[in-house]
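Since the structure comes first, as structure tokens, the remarks are kept for the end.
The values are calculated or read from the model by the stated rules, or taken from the named source; none is laboratory data. All values derive from a computational prediction rather than experimental measurement. Methodologically, a virtual Cβ is constructed for each residue, glycine included, from the backbone with ideal geometry; neighbour enumeration extends over all protein chains shown.
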Amino acid sequence: MNRKRRRKTPDELLHEMQPEDTGMKGHLKIFLGYASGVGKSFRMLDEARRRKERGQDVVVGAVQPKVSPEVQKLLDMLDVVPLRKHSAGMAMDIKNIIRRHPAICIIDGLAFNNPPGLRNQTRWQDAQELVNSGIKVIGSINIQYVEELRQQVEDITGKHVTESVPVSFLKSADEIEIVDAPPAEPIERLPEQQTKPEVRQQQLSVLRELALVLAADVVDSQLNDYLEKHGIKQSFGAQERILVCITPRANAREMIETARMIAERFHAEMTVAYVKQAELSLEDQAALEEKLALARSAKAQIAILDGEDVLDAILDFANSHAITQLFIGHTQSIRKWPWSDPVEKLIRRSHGMDLRIFPQ
Amino acid sequence: MVKTDRGKLKLYIGYAAGVGKTYKMLEDAQALINQGVDVVIGYFEPHGRQATIEKTAGLEIIPRAKVPYRGSVFEEMDTDAILARGPQLCLVDEFAHTNVPGSSRTKRWEDIEILQDAGIDVLTTMNIQHLESLNDQVRQITGIHVRETIPDWVAQQADEVVIIDLSPRALLHRLERGVIYDREKVERALQNFFRESTLAALRELALRETAHEIEHRVINDEADLAPKATGQKQIRNHKILLLVTADPNTAMLIRRAKRVGDFLEAECFAVAVNISGDLNRIMPQDREAIERHLNFARNMRIETQILEGNEAAQTLMDFAHENHITQIFLARTRRRSYSLFGQGGLLKNIVRLARDMQVVIVSERELTTE
């Protein structure tokens, strides 16, 4: 039924919607790294150099206080708009940049806090303002400054940072690229704690993994926005999504625990769903609440589904949410077996996903 | 354990042609030469990309071997010549490449193993769609059935993996500027593989896979560093059993079960069931298919076995209990009807008998692309 529509939604639409470098609309591109020294600044400024060589009007709006000789070499080839002195410190000179109105502005260190008293408290808000004024911004950020990951990174590195950028800002970017390198390579590293090299290597690997998963999540949400915007109902299955179906009487503990473990390993999304039933006894209501609490503590999303037919409700949800793994409980005690067994119906009707059946 | 003097392998992963894997590999090689490392190029695929070709400046290229096949002459990496030259480090493009028949080895990764055995470090490149266990997902995304694949365990043996990332937008610009393919090929590429949504999905797959590869190494290293540590990474020992049949979906089942097994650090077993006294009733082509599937499982490093029994479901369950299996993986058959006597019946019987283990029924991923 969606066929015609599907075919009518070519990716050209996306291009039309977001023309690049036309100067009509701002554009945000972010380089994401897992530690300082992986080469974000270099990659970013190297792109600036190439663009300048292709005749584009590029300026550098902000750079890190300390730069490597390779980065300095690139900076020497580019126009830099110096930071502006304010009474309480330095900040990017956005007034000057907007007046100058280049096609592209390079901003290193998006997480920097501006000195107090300025309209924007942070550099990423400055960047946003530039984007809104029609400038293409290319910026960089290290995952330790991503608000939602700060605690996790701090647990690994022991280093507390006060600056941060919300994930929503990363997701608002038109393009995001990860700058990856094996842990042997970054120059500056974790703080001077007395960590053994192997342990430090491990910590860096975990940070690297965090950065890759974050980038994948951003790519996934952009892909979904795109599909949604164009009414395309398709699932690519690149992100694993688990749906656990529970009832008040289900042995939910094993199902939720297994889902939690698989979700952790696959960096999957996990939803626990319950299909509303007309009348629940007080006892069942309490049992259900207990199970939902268990689901919440496993950090699952909760979905309460409505529908006359339980299987329809589950499958509708699964299909519209790109579920890749569907978890259900199964009682062997049903005597009407095998003709009217809901599990059999699910086996028949659940296309394009794994159906994981738990004995009850 | 691996010999300490075995050459190390570094794998550059990308999600499509043109993201810059080879370029980055050559750039790293140039840096290593400056540090005094003895580097040669064992195999390089220029694809006519000027910037990449320029990066080979000053690098010694070992001439390719000529392999005659059916009246034509093909070129392959000359592994013997590289061994004779004996460099410290060798660059080899396209990890997943299949050699032309008549070569000493079937797969390029086998040649690379020979180089590593001789103590040579190797840098190599691969696109995510060539990873065996992702074959069905890649088909779901691209509509293309990739035939040149690398078994997951081979990729896992790389000492280092690094992803070469580029936004699909930037990749498409490269393509449109003619950096990646020549003009005629560009049109075709844009219509097929190089659609922005397809590229985004492949990229997501590559990012997640690289994250997994890194996690896999962290877990192994953690076990080496602190064998008794009971961190959150440790999980109950899972054991997966999968049922091999003649059904064409068995290959998909093997890939999926192996993939889940790898993520859960679980052992996998693949079994086929022969019904006693029923041998003649198996069609020859079915027996052939079962053999082929068992062979495929072994190539994926899954232990295989053929069981004899009176009844398939019960035989399978007995094996599962004896071997402390925690999860059984079955393929949903492609056949439309689920007759009680056909495979539908078998699935149901297994589900009914599995009172103390999970049963996972894997079904075909639907194609999202035309």
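So if I check each of B:Ile141, B:Ile120, which one is within 10 Å of chain A (Cβ to nearest Cβ) and touching a helix residue (DSSP H, G or I) at 6+ places or on another chain (Cβ under 8 Å)?
Unique residue meeting the criteria: B:Ile141.
Report yes if some residue within region B:360-370 is farther than 18 Å from A:Gly352 by Cα, within 11 Å of chain A (Cβ to nearest Cβ), crowded, with 18+ Cβ neighbours inside 10 Å and at pLDDT 90 or above; otherwise report no. Before the answer, list the steps.
Restricting attention to region B:360-370, the residues satisfying the condition of being farther than 18 Å from A:Gly352 by Cα are none.
No, every residue in region B:360-370 fails to be farther than 18 Å from A:Gly352 by Cα, within 11 Å of chain A (Cβ to nearest Cβ), crowded, with 18+ Cβ neighbours inside 10 Å and at pLDDT 90 or above.
For A:Val206, indicate whether it is within 7 Å of chain B (Cβ to nearest Cβ), in contact (Cβ under 8 Å) with a residue 12 or more places away in the chain and touching a Leu at 6+ places or on another chain (Cβ under 8 Å).
Against the criterion (within 7 Å of chain B (Cβ to nearest Cβ), in contact (Cβ under 8 Å) with a residue 12 or more places away in the chain and touching a Leu at 6+ places or on another chain (Cβ under 8 Å)), A:Val206 does not qualify.
Going by the structure shown, is B:Asn249 out of contact with any helix residue (DSSP H, G or I) (no Cβ under 9 Å at 6 or more places or on another chain), within 14 Å of chain A (Cβ to nearest Cβ) and modelled with pLDDT under 95?
yes
Of everything in region B:298-312, what is among the hydrophobic types (A, V, I, L, M, F, W, C) and exposed (fewer than 15 other Cβ atoms within 10 Å of the Cβ)? Give them in sequence order.
B:Ile306 - this is the single residue of region B:298-312 that is among the hydrophobic types (A, V, I, L, M, F, W, C) and exposed (fewer than 15 other Cβ atoms within 10 Å of the Cβ).
Taking region A:172-229, which residues are at pLDDT 75 or above and among the small types (Gly, Ala, Ser)?
Selection gives A:Ser172, A:Ala173, A:Ala181, A:Ser205, A:Ala211, A:Ala215, A:Ala216, A:Ser221.
Here are some residues: A:Leu130, A:Leu118. Which one is part of a helix (DSSP H, G or I) and hydrophobic (A, V, I, L, M, F, W, C)?
Working: A:Leu118 fails: part of a helix (DSSP H, G or I).
It is A:Leu130.
Can you say whether A:Leu355 is buried (at least 21 other Cβ atoms within 10 Å of the Cβ) and not in a helix (DSSP H, G or I), as far as the supplied structure shows?
For A:Leu355, the condition - buried (at least 21 other Cβ atoms within 10 Å of the Cβ) and not in a helix (DSSP H, G or I) - is met.
Suppose the filter is of a type outside the set (Val, Ile, Thr), surrounded by fewer than 23 Cβ atoms within 10 Å (Cβ to Cβ), at pLDDT 95 or above and not in a helix (DSSP H, G or I); does B:Gly178 pass it?
no
So B:Leu26 fits all but one of (1) in a helix (DSSP H, G or I); (2) at positive phi; what number is the exception?
For B:Leu26, the exception is condition (2).
Name the single residue, out of those in region B:187-217 being farther than 22 Å from B:Thr125 by Cα and either touching a helix residue (DSSP H, G or I) at 6+ places or on another chain (Cβ under 7 Å) or hydrophobic (A, V, I, L, M, F, W, C) (or both), that is nearest to the other protein chains (Cβ to nearest Cβ).
Taking region B:187-217 as the starting set, the residues that turn out to be farther than 22 Å from B:Thr125 by Cα are B:187-188, B:190-192, B:195-197.
Going one step further and asking which of them are either touching a helix residue (DSSP H, G or I) at 6+ places or on another chain (Cβ under 7 Å) or hydrophobic (A, V, I, L, M, F, W, C) (or both), we end up with B:190, B:196-197.
Values: B:Leu190: 9, B:Glu196: 4, B:Ser197: 6 Å.
Looking at residues that are farther than 22 Å from B:Thr125 by Cα and either touching a helix residue (DSSP H, G or I) at 6+ places or on another chain (Cβ under 7 Å) or hydrophobic (A, V, I, L, M, F, W, C) (or both), I get B:Glu196.
Name the single residue that is nearest to the other protein chains (Cβ to nearest Cβ) among those in region B:165-186 being touching a helix residue (DSSP H, G or I) at 6+ places or on another chain (Cβ under 8 Å) and acidic (Asp, Glu).
Going through the qualifying residues, I end up with B:Asp165.
Spot the failing condition for B:Val162; the list is (1) outside any helix (DSSP H, G or I); (2) of a type in the set (Val, Ile, Thr); (3) in contact with a Gly (Cβ under 9 Å, 6 or more places away or on another chain); (4) within 14 Å of chain A (Cβ to nearest Cβ), and only one is missed.
(3)
Mind checking whether some residue in region A:60-80 is closer than 25 Å to A:Val153 by Cα, free of Cβ contacts under 8 Å to residues at least 40 places away in the same chain and among the basic types (Lys, Arg)?
yes
Considering only region A:257-285, state which residues are within 14 Å of chain B (Cβ to nearest Cβ), in a helix (DSSP H, G or I) and either out of contact with any strand residue (DSSP E or B) (no Cβ under 6 Å at 6 or more places or on another chain) or among the basic types (Lys, Arg) (or both). Write out each step before concluding.
To start, the set of residues in region A:257-285 that are within 14 Å of chain B (Cβ to nearest Cβ) comprises A:257-269.
Filter again for in a helix (DSSP H, G or I), leaving A:257-266.
Correct list: A:Glu257, A:Thr258, A:Arg260, A:Met261, A:Ile262, A:Glu264, A:Arg265, A:Phe266.
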